[in-house]
Structure formats: C-alpha cells, structure tokens
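Peer 1: Mind looking over this structure? Questions follow.
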Amino acid sequence: VLDAFVEYNKVTGDSGYSSLVGSIHDFFDRDIRVMQETDDWMATSYGPLPDRIVTNAISYVMYSYAQLLPYLTGQAREKALLRTGKLYAFLRLNQQPDGSWFYSPEGRSFIDCFHTCIVLKNIVKTSRLVDLPDSTAIVTRGYGYMKEKMYDARRGLFRRFSLSNKPSLVKYDLYDNAEVLGLAVLLGDDQLVARLSRAIDQTFHRGLDVYSQIDGLGVRRNKNMLRWAVMPYLYTLSEIAGHHVA
C-alpha cells in the first residue's frame, strides 16, 4: 500500500494522500516493535506485537523507512534515516558467507527462494534512495547464491528451497519464479528474464489459464489463484513491459 501511494504521488504530482502516508509512518514508528538493538544494528518485529524476528520483514521495514524520508522532517526524518541504516546493518550482519539468508536467524529455520528475492529487492530499492555501504557486493553474493543453489537448469525454473526444515509436495512454484523474474528485471539481467519467462510460459500456462504450483508428480495445481501467485506474476509482467518501453 505504501508503494502504491508513493508511486501515485510521483506519477501524478497529487499529494492528496500525504496524510495516509503519514499514518503509515506512524504504524512503523509506533506499532512495529524493536526486538533487538545495539549501537550499530536493530531488528524489528514481524507484526505489531513483539512476536519474532524475520529477515524479509526487516528488509520491508528498512525499505519503507527509506520511502517515507521525503515525507518527513526534523527529528522524525533523522530517526527514520537512522533506522534505515541500522536495519540494513542487521541484514549485512546476518548474510551467510555463501550469500544466503535464513528466513529467521532464530530457531530451526530455512532458506527459500521468494523470501530471498524479497530481501534482495528491498536492498536494491533502498540503495537507490539512501546510501547503503557495500550493498552492490551483498546483492551480488545473494543473487549468485540463488542462481547456484536454487536454479534447476534442466527445467529452467527456480526451486522453492535450498535448505528446508520440513517436507514439501511442491516441486516448482510460480510465486518463486515470479519474484526471481522481478528481481532480474530490477538488476537488468535480461538473459535470465528471457530464459525464465519462456520456462514459466511453458510450465505454468495452459491456454488462458495460469497454474501456481507443480507438485512432485508433475501435476499442475491451483489454477488461476490470484493471490498465490497469479497477481505477483502479472505484476512482474507489467514491470517487464515497462522495462522494455523505457
């Protein structure tokens, strides 16, 4: 929702929704809880309770603060800028030597595709708004990890997990591949965009229908389910179209 209001403001010049953007800032500032904090980094809650630390959720809070900066002044802006940097420092600190992130740094966690994409996309988009030290190297390592550990060259698709903590009946998921496709557009990786687009079309499409999952037996599941994952896929296709127009 914050993305939509900020983008609308940019496109139209209409600042009529600025008060709503301000209320979104209040949500991050007052309702999202600080779970851990040092002089250098911080970790926020998943929701408006002191619940749990989740890596991709922290990346969303970081990017949201960066988007909010033009709408803030004085101490509120200084606080948001400081938090942006400290949240990013948490992501740097918790990136593994191979470039991966655990879904959560706590407990028996996992490493999966679409959450990794979310972390990487939020770092890239935040770095275009504020200075994030060493962000290019961090993104390069993370992107390289995904292509090495999650990509199935035979099918041309990305798998859900590189490290799983429970069995899964799903072999390939459109959501994972839609997120990778969007990340590749963001990074200007046109070769992967073309290759992955073809594989998605061949695997998940049947006529005008779009399936969201392929199970271990190769059966297509979840036809035309909007939330998971037809809408994320259509959103990514719109980004590809805009990229080619630009």
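The values are calculated or read from the model by the stated rules, or taken from the named source; none is laboratory data. Computed from a predicted structure; not experimentally measured. Every residue, glycine among them, receives a Cβ derived from its backbone with ideal geometry; neighbour counts consider all protein chains shown. Please note that ligands, DNA and RNA were not included when accessible areas were found on the heavy atoms of the full protein model with its side chains. Shrake-Rupley method; radii C 1.70, N 1.55, O 1.52, S 1.80 Å.
Peer 1: Give me the angle, in degrees from 0 to 90, between the Cα long axis of helix 2-12 and the longest principal axis of the Cα atoms of the chain, rounded to the nearest 10.
Peer 2: 80
Peer 1: Oh, and also: Quote the convex hull volume per residue of the stretch 15-96, based on C-alpha atoms, as a whole number of Å³.
Peer 2: 86
Peer 1: Under a 1.4 Å probe, what is the accessible area of the chain per residue, stated in Å²?
Peer 2: 52
Peer 1: Quick one: pull the percent of accessible area on the stretch 132-228 belonging to carbon and sulfur, 1.4 Å probe, ligands and nucleic acids left out.
Peer 2: Looking at the stretch 132-228 in its full context, I get 52 percent from C and S.
Peer 1: Scale the Cα Rg of the stretch 111-246 by the rule-of-thumb value 2.2 N^0.38 Å and send over the ratio, two decimals.
Peer 2: Scaled against compact globular proteins, the figure is 1.04.
Peer 1: I would also like to ask the following. What angle, in degrees between 0 and 90 and rounded to the nearest 10, separates the Cα long axis of helix 190-204 from the longest principal axis of the Cα atoms of the chain?
Peer 2: 60
Peer 1: Output the pairs from K166/K223; K149/K223; K121/K147 with a Cα-Cα distance over 19 Å in this structure; if there are none, say none.
Peer 2: Checking Cα-Cα distances, K166/K223; K149/K223 exceed 19 Å.
Peer 1: Probe radius 1.4 Å, ligands and nucleic acids left out: which of S238, S127 has the largest accessible area, and how do the rest follow?
Peer 2: Result, largest first: S238, S127.
Peer 1: Moving on. Would you mind calculating the relative contact order of the chain from Cα pairs under 8 angstrom and at least 6 residues apart, reporting the percent as a whole number?
Peer 2: 13
Peer 1: Give me the Å³ per residue figure for the convex hull around the C-alpha atoms of the chain.
Peer 2: Spread over its residues, the Cα hull of the chain gives 143 Å³ apiece.
Peer 1: What percent of all Cα-Cα pairs in the stretch 2-43 falls into each 10 Å bin, going from 0 up to the bin containing the maximum distance?
Peer 2: P(r) for the stretch 2-43, in whole percents per bin: 25, 36, 25, 14, 0.
Peer 1: Taking only the alpha carbons of the stretch 159-206, what extent do you get along each of the three principal axes, in Å, biggest first?
Peer 2: 34, 27, 12
Peer 1: Ignoring ligands, DNA and RNA, please state the percent of accessible area on the stretch 1-67 from carbon and sulfur, probe 1.4 Å.
Peer 2: 51
Peer 1: Also, I was wondering about something else. Restrict the search to the stretch 19-77; then list the trypsin sites (Lys or Arg not before Pro) that DSSP places in a loop and that have at most 16 other Cβ atoms within 10 Å of their Cβ.
Peer 2: R33, R52
Peer 1: Give me the distance between the Cα centres of the stretch 192-246 and the stretch 117-169, rounded to whole Å.
Peer 2: Comparing the Cα centres of the stretch 192-246 and the stretch 117-169, I get a distance of 19 Å.
Peer 1: What do you get for Rg/Rh of the stretch 73-186 when both radii come from the Cα atoms and Rh is the Kirkwood radius?
Peer 2: My calculation puts Rg/Rh at 1.02.
Peer 1: In µm²/s, what is D for the stretch 93-155 at 4 °C and 1.567 mPa s, where D = kT/(6 pi eta Rh) by Stokes-Einstein and Rh is the Kirkwood radius from Cα pairs?
Peer 2: Stokes-Einstein gives a translational diffusion coefficient of 104 µm²/s.
Peer 1: With viscosity set to 1.002 mPa s at 20 °C, what whole-number translational diffusion coefficient in µm²/s follows for the stretch 127-181 from Stokes-Einstein and a Kirkwood radius over Cα pairs?
Peer 2: 165
Peer 1: While we're looking at this one, here's another question. So how strong a dipole does the stretch 1-106 carry about its Cα centre when Lys and Arg Cβ are +1 and Asp and Glu Cβ are -1, to the nearest 20 debye?
Peer 2: Magnitude of the dipole: close to 100 debye.
Peer 1: With a cut-off of at most 16 other beta carbons within 10 Å, and DSSP calling the residue loop, which trypsin sites (Lys or Arg not before Pro) in the stretch 82-140 qualify? Please list them.
Peer 2: R108, R128
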